[in-house]
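These notes are about the structure you will find just below.
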Amino acid sequence: MDKLLETIVEAIKDKKGKKIISLDLTGVEGAITSYFVICHADSTTQVGAIAAGIEEKVEQELGQKVWHVDGAGNALWIAMDYVDVVVHIFQTELRDFYRLEELWADAPATHYESEE
């Protein structure tokens, strides 16, 4: 699990994703996964590139394929389901609107360095 989380975060950094955060949902009752990873980008092109970069890096380094992807068609908000880790890649305005981190505020959060 830690290796998957680490690989996803590194792939996001490689594509210049912004404000990367992981939420540990293992202690949250009713959570559908163990971790959320959340980031954003300023364009749909970059949102799509981050998703593609994650998919490629995880498959190359861990041999693991994404179980399900939603939102790749318009790339405003792409959700990638790796079963134990769900990645949310937002276009900046949508992240500000949905404030997913606030919905899971009781989950321990880890913030990662990223370029702003």
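A few remarks follow.
- Filtered residues of region 77-113 (kept if touching a helix residue (DSSP H, G or I) at 6+ places or on another chain (Cβ under 6 Å), in contact (Cβ under 8 Å) with a residue 60 or more places away in the chain and farther than 22 Å from Gly27 by Cβ): Ile89
- Residues in region 67-111 that are in a loop (DSSP other than H, G, I, E, B), touching an Asp or Glu at 6+ places or on another chain (Cβ under 6 Å) and buried (at least 16 other Cβ atoms within 10 Å of the Cβ): Ala107 only.
- Criterion (at pLDDT below 95 and of a type in the set (A, V, I, L, M)) met by exactly one of Ile8, Ile78, Ile32: Ile32
- When Leu4 is tested against the conditions (1) surrounded by 15 or more Cβ atoms within 10 Å (Cβ to Cβ); (2) over 17 Å from Tyr112 (Cβ atoms), the lone failure is (2).
- Among residues of region 87-106 being closer than 12 Å to Ile21 by Cβ and among the aromatic types (Phe, Trp, Tyr), the one that is modelled with the lowest pLDDT is Trp104.
The values are calculated or read from the model by the stated rules, or taken from the named source; none is laboratory data. Fair warning: this is a prediction, and the values are worked out from it, not measured in the lab. Cβ: placed from backbone, ideal geometry, glycine included. Neighbour counts: every protein chain shown.
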